[in-house]
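The values are calculated or read from the model by the stated rules, or taken from the named source; none is laboratory data. None of these values were measured; they are calculated from a predicted model. Glycine gets a Cβ as well: all are built from the backbone with ideal geometry, and neighbour counts include every protein chain shown. Protein only, heavy atoms only, side chains kept; ligands, DNA and RNA dropped before computing areas. Shrake-Rupley method; radii C 1.70, N 1.55, O 1.52, S 1.80 Å.
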2 protein chains.
Amino acid sequence: MKFISNRGQIMPSSPIRRLVPFADQAVEKGRHVYHLNIGQPDILTPDTFLNPIKNLDMPVIAYGPSAGFTSLRKKLVDYYARFDITVDYSEILVTTGGSEAIIFTLMSICDAGDEIIIPEPFYTNYNGFAVEAGVNVVPITSYIENDFQLPPIESIKEKITPKTRAILICNPNNPTGYVYSKAELKALSKIVQEHNLFLLSDEVYREFTYDGLKHTTAMHLKNIEDRVIMLDSVSKRYSACGARIGMIVSKNKEIIETALKFGMARLCPPSIEQVGVEAGVDTPREYFEEVNKEYTERRNTMVRLLREIPGVVAPNPKGAFYMIVRLPVKDSNDFAQWLLTDFHVNNETVLIAPADGFYSRPGLGKDEVRIAYVLNVNDIKKAMHILSEALKVYPGRI
Amino acid sequence: MKFISNRGQIMPSSPIRRLVPFADQAVEKGRHVYHLNIGQPDILTPDTFLNPIKNLDMPVIAYGPSAGFTSLRKKLVDYYARFDITVDYSEILVTTGGSEAIIFTLMSICDAGDEIIIPEPFYTNYNGFAVEAGVNVVPITSYIENDFQLPPIESIKEKITPKTRAILICNPNNPTGYVYSKAELKALSKIVQEHNLFLLSDEVYREFTYDGLKHTTAMHLKNIEDRVIMLDSVSKRYSACGARIGMIVSKNKEIIETALKFGMARLCPPSIEQVGVEAGVDTPREYFEEVNKEYTERRNTMVRLLREIPGVVAPNPKGAFYMIVRLPVKDSNDFAQWLLTDFHVNNETVLIAPADGFYSRPGLGKDEVRIAYVLNVNDIKKAMHILSEALKVYPGRI
């Protein structure tokens, strides 16, 4: 009997989570593991978010509306207004995490066999969502040598076929930390307009830009208002990754109506977490300023220490809290696993994500890893020391 | 520009929620609307579930494991043991609601174009999930005349093709309230075995059987242990529909591993609600006994009053909290809408779900509605009085 569908067989395992069992084994051996593999910040979830949950006045945890609580959608209008994004609450659909925002969007605009262009390296789970929707990801490669900026517009145009439905960007970028410039976005908007495509803009790291750099939202692009679909999530904003609340935002009413049909089938997003998010919108500005300061220091520390290690290439990312780093190794998968199984400094080691899983084209990213700077500065120093010592003795070093 | 995919265009709107805007308009006119359209009970969520959420000790609402918190999965082993369902925690995958359990299961076992046989009328959102997975629903019709029991086995066999991957049942059944007998399940297990199919068994109403009838779980069927996938949810069990926590349970490790890959892509189910569910497993037996007594009384009241209305055919359902009722009307869609727009008794009216949305074959269910007995006995009496008066004057009556 054939148990598993082809779709189930080709569905990728998450490269971020693939090595977790090895980390668990290291912990069982009594080792401490610094987790730099996943975008799970140690930043405290703000009280504005947590307090209404602790004071929950909901005698029946009932279904909410499929589009999310109307009061939450109206509150989100205020949130976006702070970034000069003018939307009506009817243009916001609340989803179960940013993940569902992406799936619903792909399902709404693509049929099986359609294509989505994505600059690579990209957020690895886009691959999984594409498999679920039967969509083919067409990568355009960006390079560490120029900080992973947008590949030349001509190289994007070359990839457009009659099957192309959209260009998907993540800005600020996971996994590279790159923040797209106004000029890059403008260039994208032109292709989108010329070729009748959608621009899907994953902006969940909106709050995380450094060195005074300002984030440009796709919602500000002129002439393609009905072709922009912004994907969002509160996971990183309020350090509430487990809350699973995201959003689809678009001026295109057909898109919102169609996504809502997928939303109706799954009934509603989680009710209790929506209460937290609604109140979370009132989180004071100081919270974000402090968080931003903390991440700036973490990034500075990490980049400085990485650049001190011989053979390491580390860009200085301007956003999110990740970076793709080139290591002097033949196979970063082997290296990452070896760190957990064969190496430690004073019984401590690190978990990093091999970068090949963030590329779509086979063979790319073999000497790269993604590092999330989600630990405090002290832990980052220790983790970088371990990495440095490891690269001195790792047998697969080049 | 073609904005919407074919998939998005054929995605059905929920028939349960389709008339809600008319109900909202009635409310705006100052009318009270008794909601009998949706399985949203008024039963209080137990304190065992709510208290740990109010006392939440989770300074960072972090991602949990993709399969659900291990502590929750282990606790669920105890829960199932009470029903003599013996499973290891590795055989349980926690999902974001029963909805996701169904989608992940369809994605794991079906490719686009594959077929699933479902007795109709069936839970209407199966249709939506089938569209998402590109799966064709093949209905076998059950009839109100014999309480919607399983159609003859021969009529099921006739529908099996090389594309058939599974038979999906909901037991106790939404929308009919029918509880499948041991003999019916045994007959199904034989077909499943002979034709190399899966048996998907949606058992979210396990706690809701009446008149001393015992529910038979598909997990007890012999010789097809690796072909049974039980779909579950805490929505009804703890009156926590908005919590969005469900489960896939199967002895087939390949299925759990494959479903987990879909789970990894969406990272994790909601963390806060999982805390409630884990504690909720310790809800005392008395809670369920009281709930069961209450629903028995509601059902008795509703069936008695419905049978007093001339021209109405109402079976006496043994499980869940729904019934499909035949009304003396030409078009139950028109009638249900008319109730909201054109009728009231002392400024009160009712919202019921037209049944055609629960059938896959066109033309069926036109004179039927689904009624959920999720209101207290007093409200049920008032709602049935309104229905009775309405049928006396409704112009489309036959």
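Some values worked out for this structure:
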{"item": "Measure of compaction for the stretch B:58-280 (Cα Rg per 2.2 N^0.38 Å)", "result": "0.98"}
{"item": "Counted charge near A:VAL303, where neighbours are those whose Cβ lies closer than 14 Å (Asp, Glu -1; Lys, Arg +1)", "result": "+3"}
{"item": "Net charge contributed by nearby residues that have their C-beta within less than 9 Å of A:LYS253 (K/R +1, D/E -1)", "result": "-3"}
{"item": "Dipole of chain A, positive direction: furthest Cα of A:TYR79, A:TYR34, A:GLY363, with charges on the beta-carbon", "result": "A:GLY363"}
{"item": "Net charge over other residues, Cβ less than 14 angstrom from the Cβ of B:GLY30 (K, R count +1; D, E count -1)", "result": "-1"}
{"item": "Theoretical FRET efficiency, 1/(1+(r/R0)^6), r = Cβ-Cβ of A:LYS293 and B:ASP88, R0 56 Å, to 0.05", "result": "0.75"}
{"item": "For A:LYS29, inter-copy label distances in nm, listed shortest first [label point 7 Å out on the Cα-Cβ vector]", "result": "7.4"}
{"item": "B:SER13 accessible area, assembled protein chains, probe 1.4 Å, Å²", "result": "50"}
{"item": "Loop-located trypsin sites (Lys or Arg not before Pro) in the stretch A:37-112, at most 13 other Cβ atoms within 10 Å (DSSP)", "result": "A:ARG82"}
{"item": "Backbone HN-Hα couplings from phi across the stretch B:141-157 [Karplus 6.51/-1.76/1.60, Hz, Gly and Pro as x]", "result": "7, 10, 10, 4, 4, 10, 6, 6, 5, 4, x, x, 4, 4, 5, 6, 4"}
{"item": "Qualifying chymotrypsin sites (Phe, Trp or Tyr not before Pro) in the stretch A:161-207, DSSP loop, other Cβ atoms within 10 Å at most 12", "result": "none"}
{"item": "Interchain or long-range residues, amide H under 5 Å from B:PHE198's placed H", "result": "B:ALA166, B:ILE167"}
{"item": "Amide hydrogen neighbours beyond the local backbone of B:PHE148, cut-off 5 Å, H modeled", "result": "B:TYR143"}
{"item": "Projected area, mean over directions - the protein assembly as shown, Cα convex hull, nm²", "result": "32.9"}
{"item": "Computed magnitude of the charge dipole of the protein assembly as shown (debye, nearest 20; Cβ of K, R +1, Cβ of D, E -1)", "result": "680"}
{"item": "Ranked order, B:TYR89, B:TYR394 - accessible area, probe 1.4 Å, largest first", "result": "B:TYR89, B:TYR394"}
{"item": "Nm distances between copies for A:LYS163, ranked from closest, using label points 7 Å along Cα→Cβ", "result": "2.1"}
{"item": "Accessible area buried at the A-B interface, both sides summed, 1.4 Å probe (Å², nearest 100)", "result": "6400"}
{"item": "Karplus-derived HN-Hα couplings along the stretch B:223-236 (A = 6.51, B = -1.76, C = 1.60, θ = phi - 60°), whole Hz, x at Gly and Pro", "result": "6, 10, 3, 8, 10, 9, 10, 8, 9, 9, 6, 9, 3, 8"}
{"item": "In order through the stretch A:58-74: 3J(HN,Hα) via Karplus (6.51 cos²θ - 1.76 cosθ + 1.60), integer Hz, x for Gly, Pro", "result": "9, x, 10, 7, 8, 4, x, x, 4, 8, x, 4, 4, 4, 5, 4, 5"}
{"item": "Residue-averaged [θ]222 nm for chain A, counting only DSSP H segments that reach four residues, each worth -39500 (n - 2.57)", "result": "-11500 deg cm²/dmol"}
